[in-house]
Structure formats: structure tokens, C-alpha cells
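Here's the structure we're looking at; comments come further down.
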Amino acid sequence: MIKEGRFFKTILMCLILGMFSTTITVHADMGPKPSIQITFEGMGPEKCYGTLLSESISTGPSTAWDGTEADAKHNENELYSYKDLDYETWKAFVEYTDVDGFYFLQEGWQVNGTKELDWAYYPPSTFKILLYYPESGTFLVSDIYEKYAFDSYYTVDMSKFQQPTDKTQSESEETEKLVLIEKKIEAEKSYDYKKEIGFLLIRILATIAIELVIAVMFGFTMKKQFLLLTGVNVVTQVILNVLLNVLHYKMGPMAYNMSYIFFELIVFVIEATLYCKFLGRYGNKERSNRYYISYAFVANLISFAAGFFIAK
């Protein structure tokens, strides 16, 4: 019993070390950050800049302008020469007054070329989409939306909205500009749930198949043994992968990776315990607990590596 216990502990330590060897050392402020991506379908070629107005006055390094010239984040300020916003565009956003008191955090991008606005570093949790057409001096603004996942995706169908084309200063066009400023654009959540479910099913089926192939290699070929292994793996792998997908959706890949290690250890302990108790009953050859633990170790380590690769 003492030898078996020591062997089990040795196997567990090897599994821990093997799993941690697949991860990358994390330094301060490294790793994926939450993001919000807005796709503009049907957007015309007119020059257009976009930003997300924030309910909070700051998020991460982004903050509303405090009136200090050195902190004006536009590309004519040498400190922020990498910005998409020139002074006039930055000023237009700064001077924009939102009816709900949302803030411009001095982050903005030209979006008419890419048809996307991708805020990939500490985006605001509660926000509005604001578009600015400098050639006509007009704005389009959305209702209030929220970040709903670690990576949140929205789509705006721009074909529903009239987009300005020039800067003619006739009275009728000036009136139309006022309408454009007040007109709301609508965004819809566009997270690709079908793709996520597809990859989830692939991971579940692949990991189960791997563990059953390894079972055959270990000589577990009796019908009842195979049924037991199949049932145990279906239950553990479905629960494991669904939990991991939910964590990835809400908290991102870093939480996914760390939780994967922890959950896989739990699965290993559960499976090893069940195999030690039941596999011998259904076989035609007596095996030691060490043999069953070895199978659980090898099967889980290989299926962990495969699942991790598929997830990547």
C-alpha cells in the first residue's frame, strides 16, 4: 500500500510538471487582454473615424483629455505620433458632447478602409459607438452597449444609414447634418457561436478517441472494460471541455490555460480511482493498481497535450 501510494504521488507530480511545461512564463502585464471588435458592413469609401465612448472617464491607459496640451493624444503631438487621429479629428471627438455623458478616451481609428474598429487593449465595459466623417463634419452615434465576453464582437449594417459624401454648405444639407448627428446606428452581437461549438465537439471527440486508442494499447480490450472506459471518458471530457469553453468565453485564454491544468488533474485523479476500482472486475487478467494509474496518467497527459494543441 505504501509503494502504491508513493507511485501514485510520483505519477501525479510528473503529470503536473508535464502540464506546466506546456505553458509559457507570464510576466507583468503580459498575456491576452479583453477586446471589442466592431465590423461595419456596407460602409462606403468616405473617410470615417471611429471610437468607443466610455461610461467611465478612463480604462487601462486610456483616459479623457484633462486639458493638458502634452496629454493630447493625436498624431501631430510627437509623443503620440503613432495615433490614427490628426489634430482636427481628435479635436472634433473631444468637443463632441454625448447626451448620456459618455467620455471620449482619446482612442480612435480610421475605419473606412478596414471596415473594423478593434479596441484590443482594455476597452470600456459600457460604451457607445461613435463615427465621425471629417469631410462633412458629421457624427453617427449608437445606443449603449456592453462588453459581453472576453472578446466581444458586434456588427453594424451601415447600409441602413445615410452616410455623408461631401462638405457642401447649402441650407438643406446643413439641416440633414443635424439629422445625421442625432441618428442612431444599431449594432448586433456577432460572436461566432457555431464555430466555437464546432471546435468544442472536435476537442471532445478527439480526446475521447485518443484515450480509447491508448486503452487498447494497454490491453483493455474486453467489452465491459471498453464500455466502462468509454462512459467515463464521455462524462469527464464533456464536463471538462464545456467548463473550459465557458471560462474562455468569459475570462479569456489565460484563465482557460490555467484552469485546463487544474481541471485535468482532477479528471486524472477521478479516472485513476475509478479504473483501480472497476477495470479489474471486467478483465480476464489481474492487474495492479499501478498499471491502471499508469494508463490514466499516459491517457490524460496525451489527451491534454492534444486538446491544448487543438484549442490553440
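The values are calculated or read from the model by the stated rules, or taken from the named source; none is laboratory data. The shown structure was predicted, so the numbers you read here are calculated from the model rather than taken from an experiment. Neighbour counts run over all protein chains shown; Cβ positions are idealised from the backbone, glycine included. Just so you know, the surface numbers come from the protein's heavy atoms only, side chains and all, with ligands and any DNA or RNA stripped out. Shrake-Rupley method; radii C 1.70, N 1.55, O 1.52, S 1.80 Å.
The set of residues from the range 186-205 being touching a Phe, Trp or Tyr at 6+ places or on another chain (Cβ under 9 Å) and of a type in the set (Lys, Arg) comprises just one member, LYS189.
Mind listing whichever residues of the range 271-312 are of a type in the set (S, T, N, Q) and outside any loop (DSSP other than H, G, I, E, B)? Spell out the reasoning first.
Residues of the range 271-312 that are of a type in the set (S, T, N, Q), as a first pass: 273, 284, 288-289, 294, 300, 303.
Scanning the range 271-312 gives THR273, ASN289, SER294, ASN300, SER303.
Which residues, counting only those in the range 218-233, are of a type in the set (Val, Ile, Thr) and either open to solvent by less than 40 Å² (accessible area, probe 1.4 Å) or closer than 15 Å to ILE293 by Cα (or both)? The answer is VAL232, and nothing else.
Considering only the range 129-144, state which residues are in a loop (DSSP other than H, G, I, E, B) and among the β-branched types (Val, Ile, Thr). Full working, then the answer.
Filtering the range 129-144 down to residues in a loop (DSSP other than H, G, I, E, B) leaves 134-137, 143-144.
Across the range 129-144, the qualifying residue is only ILE144.
When the range 194-220 is examined, which residues are found to be among the β-branched types (Val, Ile, Thr), within 28 Å of the chain's Cα centre (by Cα) and closer than 19 Å to GLY231 by Cβ? Residues satisfying the conditions are ILE204, THR207, ILE208, ILE210.
Answer yes or no: is there a residue in the range 248-268 that is at negative phi, outside any helix (DSSP H, G or I) and open to solvent by 60 Å² or more (accessible area, probe 1.4 Å). Please lay out each step first, then the result.
Let us first name the residues in the range 248-268 that are at negative phi, namely 248-251, 253-268.
From what's left, outside any helix (DSSP H, G or I): none.
No: the range 248-268 contains no residue that is at negative phi, outside any helix (DSSP H, G or I) and open to solvent by 60 Å² or more (accessible area, probe 1.4 Å).
Where residues in the range 174-193 are at pLDDT 90 or above and part of a strand (DSSP E or B), which of them is farthest from the chain's Cα centre (by Cα)? Across the range 174-193, the extreme among qualifying residues is ALA187. The single residue among ILE16, ILE2 that is modelled with pLDDT under 95, open to solvent by 40 Å² or more (accessible area, probe 1.4 Å), under 31 Å from the mean Cα position of the chain (by Cα) and farther than 27 Å from THR155 by Cα turns out to be ILE16. Residues that are of a type in the set (A, V, I, L, M) and either open to solvent by 50 Å² or more (accessible area, probe 1.4 Å) or farther than 22 Å from LYS115 by Cα (or both) within the range 33-59 comprise just one, ILE57.
Mind counting the residues in the range 92-128 that are part of a helix (DSSP H, G or I) and either open to solvent by less than 70 Å² (accessible area, probe 1.4 Å) or touching a residue at least 60 places away in the same chain (Cβ under 8 Å) (or both)?
Let us first name the residues in the range 92-128 that are part of a helix (DSSP H, G or I), namely 92-95.
Filter again for either open to solvent by less than 70 Å² (accessible area, probe 1.4 Å) or touching a residue at least 60 places away in the same chain (Cβ under 8 Å) (or both), leaving 92-94.
Result for the range 92-128: 3.
When the residues of the range 60-91 are filtered to those that are part of a helix (DSSP H, G or I) and of a type in the set (Phe, Trp, Tyr), the one that is most open to solvent (accessible area, probe 1.4 Å) is TYR87. A single entry from LEU301, LEU243 fulfils the requirement of being more than 23 Å from LEU227 (Cβ to Cβ), in contact with a helix residue (DSSP H, G or I) (Cβ under 9 Å, 6 or more places away or on another chain) and in contact (Cβ under 8 Å) with a residue 60 or more places away in the chain: LEU301. When restricted to residues that are over 23 Å from ASN289 (Cβ atoms) and open to solvent by less than 60 Å² (accessible area, probe 1.4 Å), the range 200-217 contains 7.
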